[in-house]
Each structure stands twice: as C-alpha cells, then as structure tokens.
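Working notes, beginning with the structure itself.
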Amino acid sequence: MMWLTPLTGILLAAATIPPLVALYFLKLRRVPRPIASTLLWKRSLEDLRANAPFQRLRMNILLLLQLLVLGLLAFALAQPQVETGLRRDGKTVILIDNSASMNATDVSENKDDPEAKQKSRLDLAKADAIARVEKLFGGSGLFSGSAGEVMVIAFADRAEVRCPFSDSRSQVIDAIRGIQPTDGRTKIGEALQLARAYTTSVDPDKVDPTMVEQAALVIFSDGRIADLAEQATKAGEQITYARIGTMKADNVGVVAIAAERSPDDPDRIQVFGAIGNGNPFEIRADVQLSVDDRARAITPEPLVVPAANSGAAPEVDPAKRMSDVRVTPGREQVVFLPFAQPRDAIITVTQLRKDDLAVDDAAALVVPPAKRLRVGHVNAAKGLLDLLLGEMALESYEQLSPAEFEQVIKDATFERFDVFVLENYTPSDGVELPPGRYLSFGGTPVPELKSYGEHERVFFRTARQDHPVFRAVNPVDLWVASAQAISPPRDVEVLMEGTEGPLMFAVDRGGVRVLHVAFDPMNSNWPISRSFVNFVPNALEWLGAAGDALALAGLQPGESAVVRLPVSATNVTLVFPDGHDQPVSITTPGQFAYGPIRRTGIYTISWDEPGRSERQQRRFAANLLNAQEGMIVPAESLSFADKPVQGTATSNARSALWPVLLGVAMVLLLLEWWVYQRRTS
Amino acid sequence: MSAIFASNATTFSNKPAILKRPERVDDLIDGRLMSRLDQVDVVSRKIFAGKVQGERRSKRRGISVEFADYRPYVHGDDLRFVDWNIYGRLDRLFLKVFLEEEDLSLLIAIDASASMRWGNPDKFVFAQRLAMALGYIGLVNHNRVSMVSFGSPAQGGGVQRLSNIRGRRRTAEMGQWILRQDPTPDPKSVDPTTIVGFDDAMKNIALARQGRGVMIVLSDFLFKQGYEKGLRYVTGGGYDVFAMQILSPEEIDPAAHGVSGDLKLVDVEDKDVNEITITPPLLKAYRDRLNAYCAKMRDYCIRRGVTHVLVDTQTDMDELLLSYLRKRGLLR
C-alpha cells in the first residue's frame, strides 16, 4: 500500500472523526415524556438486548455509518495505491524488455479485437510502465506529489540506460516512449549490473565506503530471459515482475536455415530449414521457399511440428507447463529440393501459419554467386599439402616463394588471390600481412602468434567440433612430434588443443584472418589420416567464404556485422531492412563493421570503388533463429538463481483507488440518510 | 392489537374518549346509566355470611321463607319455629330450619397511585366511573358497600376508606368520596417513601376485613414490586376477588398513539428515567412483553381463584357493565 498524500488524509481524519465521536458522546436530546410505569419498557429493552447480541452496535448504526464515511473520505484523500512492489520514496528502476518476443501481439485475450492486433507486448509494457511512473509521481493534476528518482533501462541482448535517475516525470516518460523494439534475445544480466551500478555510491569518508541505496526494480517482461538462471537477487533488493503477454500466446517460427552449393555442381543450391513450435500442442504449418522474394517452392503437405516438450507429466496444465523456462520447443526439419541458381540470391524460408509473433515467421539468407577459389601457396614444400591443393577444384592455384609473396604485397596485387596457404612462413622485418585470408602451418605469420619455445610429443586433447573447419574432421588420433609453444592473446580463438598447449588458432584482426596450425603437418601423423584431407578443404572454404561468410551464416540480432570490403572502397552506406540508409565511416581499411544489429531482415552495404562506375553492394541477412526466444508464452515467475519472483499480470485499464473510495463513501452517506429517515419517520 | 387483547377484547366500540375529569357526582354516573343499573346486581360465586338480614341467601340458617332442614329441639330454641305437625305425629319436638337471607359485602379498592392519572382516556377517571357504577349497583341492591383507595399522593399516599354504606340514598355520599380521590402527583406535598404500595394496601385491607364479600380491585397492576404478594393477602378466603386491570390505549399500542422518536421516559411514580429510541423491534418487544405480563397475571389469578378482567379505558361503560361484566359473572 502506498500513500501519495497521506498528510491530507490524516489531517482530514484528525479534524473530523474525533468531533463526530465527541458529538455522539454528548447525550442525544431526547423528548422527556412522563409515563405511567417504565416497567414494561425497561423489560422490553432488556429483552431486546438479550435477544440481539449486537444491539449496542445497532443502536449506533448512524455513528458507524458516519465514521465509515469519514474514514473513507480520509482514506481517499490520502490517495492509497495498491500497487505492490512500488516504492514512492527512494529509487525505482524500470527495466523494460524490448527483445524479439516482446513484438508479439498477444496483448489482449480477445483475439478478434482489431485494436489489440495493432499493439505489441512492448507497447503494452511501455503503457504500463508510463502508468506506473504516473502513479509514482502521484498522477497529474491536483493530487500529484513528489516521487523519488526513476531510472529507465531497456534490455534485450544488450542493456541500454534510456534515462538515468531522474525526478522529472516528463523526462522519464519520454525515455520510456522512446524505447524501440528490437529482434534481439533477452538477457537481463547487463541490465541488472547497470541498475546496481547506478544505485551504488562510494563515500570515501566512510569506513565502509560502498553504500548501496536499495532501489525497487520493476521488470516489464514476458519472462523469457536467457540468462536468468545465472543472475541472483541481492539482499534487500526489491524486484517486481510485471508479466506482459497472455498465456494463450501462439507462436511457430523458423529456427534454422542453411543453404549450400554442391561442391560438384556449384550452380545448384540446396536449402535446409527447421521449424520450431513454441506451443504445447502439435501444429501443421505450410513452409514456403522464396528466392529473391519470388515463391519457388512450398511443402506439398503441411509440415507437422510436434508440441513443445517440457519433460513434465502430461497432466500438468499446458499453460503452466509452457511458462516453465526449461521447456524445449518442438522442432521439425524441412529440406527443399536443390535448384539451379548460379547468381547470388536472397533465399527466404517462411512458415505461413498465422501466429502472435511475426518476426520469426521468416528467415533469409544471402547466397553468394557460385565461384571457385584462387589460392596462393607460399613457401610450398613438396609434400602432401602441395599434392592436396593441386588436386582440389580451384579457380587457380599458384605457388609463391616468400620473396615473391612479399613482392605481391608490395605491389598490392594480393587481391587476385582469395586465400594464401603459408607453410612455415614468417614475414620478413617490416613486412606485414595485408588484409586477406591465410591458412598457416608453422612459422609466425602474425606477431600475436609468436612462439616462446617448443612442445615435444603432443597428443590431441580437444577441438572446437562445432567450427566449420572441423566438419567431418576427427583428429582424435593426432600425435605431434614437435609443436610451437604459443600463449595466445585473449582475442585469439583457440580451435584445437593438445596435451601440452593450444595447437590451432583463428586470428581475425583488421581484415587479416589467419587460421594458424602450430605445427608442421610433416612433424605429425596428421597427413596420413583422413581428417587432414577433410580439414584442408574445410579451412580453405571457411577462409575463402570469409567475405561471404556473413551472407552464408547470416547474423543474429545483437551481433555485429563485420564485412570485408575492398581496401579502396569509399562512400560506404548501410541500408536497413526497413529501407532507410545510413552512411558508415570505415575505420579499418578493407573492413566494414556495424553493430549491434537490432532488427531482422536483409541489410545492404553499398560502396563506390575506383574504376567502377556503378555502386558495388553486398548484402547480409539477420534472422532471429532462436527457438527459446520463439517460446513466447510468458513465464509466470522470474526464476533467479536464488529465488523466484512471482509475476503480476498487467493490463492497460488501471485507475487510482480514491474515486472508488469516494463512490463508496457517497453510497454510505445515502444509506445513513435512509437509516436516519427510517428512524425519525 | 396484540394477541391477548384480541382474545380478551374489552374494547367494544370506538366511541370518543372521555377526557373531562369528573367534578360532580353526575359526571361520574348519569341518570340513564343509573336506571339501567337498577336491574343489575353483584354476584358472588361464594355464599358468604352477611351482617344484617338482606336479600341474599346466606350460609346461616335463619328466618327466611326458604325451608332448609329439620333439627331436634334443644332448650332455648325459639318455640315459634317448632313444627307442631310433626310433634303431633311423632310426639317429638323438631325445629324447622330456614335459609337465612343476608346482605353482601362489596369492597371496591381503587388504585389512586400516580400511575393511574395517565392515558387518554385517563385511567383513574375510568376507574372512578367504574367504581361509582359498581358501588351504585351494590347500594341499590342493599349490599354493604365499602370503598378503599390507596397510594394517592394528594392524600398522603395512605389508604382512604369509606366503610359499610347501604342503600340508594348513600349514593351521593359515595360519589363525593370518589371525587375526593386524586392520584395527581404533587412533588411538594408528598414524600415518596410514605406512599403505600399495593402490597401494603392489600395487607391493610385484609387486616381490616369485616366479614366476607366481593372485592373488586381497580388498578393497572403495573407495580414494579409485583402484584402477587398483594393479591395473596386478599385471596385467603375472605373475599371473592375481581382484579380489573385498567390500561390506557397508549399502553396497549404505543405506536398507534403517538409514541415515537427518541424519548426520555419518566416514570410518574418513582421518577425512574428510561431513554429509548422507538424502533420497530423495540415496539414488538414491548407488545410481546405486555402480552406476556397480562397472560402471566391472568394465569396467576386463575390459580388463586381471582377473576382477572382486562379493561381498556376506551371501553364504553354501558357495554362493559351491562354486557361484558355479566358475561364474566361479576354482575347479573
């Protein structure tokens, strides 16, 4: 219970209730009337009292009614607020979830309500948050009071302080109104950190210098928060979870998409997809494949996607089951027949069933044109690698000595190669690898990978099996006689580790992408294993597609887009899925970086290149492709690592308590008048 | 109207109430009523011994014309009553015994306490008129009429008497005596502690009893100390008692006679104050209590051989005397 103007209420109560009671203490002015004998009256009164246990109460029903009326008036003037978890004084942090699932349009239980269809959960959350802020500030007009400070944080995969602690009502409300929807995943950790950072102040004069001013956190979310189990509440922290969305939310989405050109016939593309079902029941959905926005294929029969599985007993109420965060969505794969598409294309997989969340109903990929790689082999030793590269289906294969390679660097003609294979190559003094893609065995291609010694007799320990270079590669039998001992910096990705230390690294710096193997294959038993034969093409393909990797893999909202551009590219512009464009300045030559990506869709980068009259462009897609985010049934409670916070359903229509109290008081006043009339008539 | 009043109805018509206080004997009883009452006599259910020869059959054997029995002659018997025919046949002396006819003692006790000076019509005025009529009936039938009033504040609260008057010519004397009785409360002249209560008055009457007869008590019987003890004094065998309970319409149905609102009820006798707010539940409780009170008194009276008659002061006197009391066996 919260009071906006308690003093007014107390004053009214103090000024009116004691006098009223005092008036009742004064004797009623009764008409004296002589009577023959009070014998019967006295006994009647005794009878009445004996028969009615509440006689005293009933005798004073007028007093009771008047006291009630006054009490209600005082209560109303104090403007009670019944919002739990809302604190008026002190600090309040409003955290609004603007992740993808908050774009769902299930704000009303009434699915046929056309107005409700227009609104998303985020709209509802913003309206609720504004209503809450209004209440914190005591509404507008006559009864408004001062509130504590309010801070607004929007969170999806990243948290953003929309408004630091402020006691300005309009500033806070504007900040809430300004929150834009994103298609990101929901992560609350950063938001909590921000909120806590702002509520912690350091006073150096105190013995215990850290002072934490406990703030009330109000979370407007559907509760589908990925990192919730990693977060713990702090002692004294008051968290309120305003649950947004209905338990009847219905969503089916595309959770995976892949397109692949056949190595044998690069003109043909095969498209794979997966449909995720977030509902507690089996659904049937038509899935459509479009190429450059033209429908190319549709599943001949609706795809049957099993119900989401909670692992719970079947008798559990489906709505409750779905509110459990651990539910795994139902999933079904769909494979389209390969089709000829030599040019680049935007491949879109769409599920056609109507549901509450549109953002995951389609996923797109930009497939680059069919092409083969041009490979330069530096410092090639006659051996298996040489043999392997020579046999691969490449556009061109050229062997270069280190001096020739450095000449190519000097002449800036390195763009005729897609990938360089460096064998035991360390650049000469003053020579630096230009932006490009390199597969390196031994040597020190970049300074970060400088070795501090050698490891002898190293066995394979682990590898990043999910990495594309390890597709169909299982180097479990690998044994290395002598490997470089490298202690990589943090930003260097270790792809394979041996018993003594890391054996394979991926470096991605300033347009230079290096896949470095820390040993000479000829010093190991790897060349005689099949995994090596698969590894080399995998590595070349991964490196070669680096410019197009984005196009092939696509991005997820929240990630940053890093695209390789020609070094000479100028006037770079990024066109967003909604059509608006934004000039982008290139800080690193040959590399375009923009992030984080907020919305899904097709992004287009265009640039001018000297010698070419028309603008060049490259596209990439951002897709949600997140099954958990597609589970849009709101969670009933926020299960923090230490304790759950129960959710309270919110709705748009909420009003202050005082009009109700006034209404009741008036009804009581009428009742009092009626009782009085009945008595006196 | 409550159940007991419905069953034991004493209100016979809705004639206008008599408001005027009697100042002369004629106000108590008019000639027309007197002429009608000439035909009526007081009945006793018991046969009592009278004092002088009268018109009433007595327990005693005496000299009336009604033969009763024979008995053997003993010395000293009046030879006039010897049955000489029997002597002739049997040669023994037998005395004829006749029933004695004697007068009836009629005692009318009037409650003159302050509570009787209340109601519209006034309970005491009603009691005065009723006493006058009953007394008149007694006088014209050669009964020995005595009157007692008790509790009158105007007369010091004690017991007032008018003893043993007989004959029609004493009517005026009786009327004057009745007129002198005044229950009007006078706080200056009366010390409340000297007012004789019902119990003491009845005890007084019982102790001063001369002979036997019919006793009629006119009162509202609303005594806080109870009426049982008082009635017990007079029902010991000496009197055939009629308890006439006189209540005013305001007492019988307060709601219908303007009792409403927030009131401070002041008892006219002991000044006891009762603050009440008239509500339907209270009125119902009052009616229930009154019914219960009257029913209890009637039961008590039946057990003690007393005839209980409940009278509303709105009752028409002619009908009460000539019809109702005849039916109830007081008059014939």
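Placing pseudo-labels 7 Å out from each Cα toward the beta carbon at A:Val675 and A:Glu404 gives an inter-label distance of 10.9 nm. Here A:Arg530 and A:Leu337 are evaluated by their C-beta separation; at R0 = 30 Å the FRET efficiency comes out at 0.50. Computed over chain A, relative contact order equals 15 percent, with contacts defined as Cα pairs under 8 Å that lie 6+ residues apart. Does region B:192-233 come out rounded, prolate or oblate by the C-alpha gyration tensor, with a ≥ b ≥ c the root eigenvalues, rounded set by a/c under 1.5 and, if not, prolate when a/b is larger than b/c and oblate if not? Taking the square roots of the gyration eigenvalues as a ≥ b ≥ c, region B:192-233 is prolate.
The sum of -39500 (n - 2.57) across all DSSP H runs of n ≥ 4, divided by the residue count of chain A, sets its helix-only mean residue ellipticity at 222 nm to -7500 deg cm²/dmol. Restricting region A:440-471 to trypsin sites (Lys or Arg not before Pro) that sit in a DSSP loop and have at most 14 other Cβ atoms within 10 Å of their own Cβ leaves A:Lys450, A:Arg471.
Shape class for chain A, computed from the alpha carbon gyration tensor (a ≥ b ≥ c): prolate, with a/c not under 1.5 and a/b above b/c. Taking a ≥ b ≥ c as the square roots of the eigenvalues of the Cα gyration tensor, an a/c ratio of 1.5 or more together with a/b no larger than b/c marks region B:181-332 as oblate. Local charge for A:Arg158 was computed over the other residues whose Cβ lies under 9 Å away, with Lys and Arg +1 and Asp and Glu -1, and equals -2. Annotation: extensible slack from A:Tyr24 through A:Lys450 equals 143.7 nm (criterion: 0.36 nm per residue apart, minus Cα-Cα distance). For chain A, build the charge dipole from Cβ charges (+1 Lys, Arg; -1 Asp, Glu) around the Cα centre, then report which of A:Ala308, A:Ala125, A:Ala274 sits farthest towards its positive end. Going by the charge dipole, the pick is A:Ala125. The length gained on full extension between B:Asp91 and B:Val266, counted as 0.36 nm times the residue separation minus their Cα-Cα distance, comes to 55.0 nm. With K and R counted +1 and D and E -1, the other residues having a Cβ less than 14 Å from that of B:Arg21 yield a net charge of +1. Neighbour counts of C-beta atoms inside 10 Å place A:Ser613, A:Ser396 in the sequence A:Ser613, A:Ser396, starting with the fewest. Within the shell defined by Cβ-Cβ distances under 13 Å, the residues around A:Val304 carry a net charge of -1, with Lys and Arg each +1 and Asp and Glu each -1. Listed by chain and number, the aspartates and glutamates placed with their C-alpha closer than 16 angstrom to that of A:Lys643 are A:Asp227, A:Glu230, A:Glu237, A:Asp324; residues fewer than eight positions away on the same chain are left out. Taking the alpha-carbon centroid of each part, what is the distance from region B:264-312 to region A:383-401 in angstrom? What the calculation gives is 129 Å, centre to centre. Fully extended, how many nm does the chain gain between A:Arg509 and A:Glu301 (0.36 nm per residue separation, minus their Cα-Cα distance)? Gain on extension, A:Arg509 to A:Glu301, equals 70.1 nm.
Set the Förster radius R0 to 45 Å, insert the Cβ-Cβ distance between B:Glu228 and B:Ala172 as r into 1/(1 + (r/R0)^6), and round the FRET efficiency to 0.05. Given R0 = 45 Å and the Cβ-Cβ separation, E is 0.75.
Packing order of peptides B:117-124, A:302-309, highest average first: B:117-124, A:302-309 (average count of other Cβ atoms within 10 Å over each peptide's residues).
Every read-out reported here was derived from the displayed coordinates using simple, explicitly stated rules and does not represent laboratory data. This structure is a prediction, so every number in the text was calculated from the model and none was measured. Note that we place each Cβ from the backbone using ideal geometry, even for glycine, and neighbour counts take in every protein chain shown.
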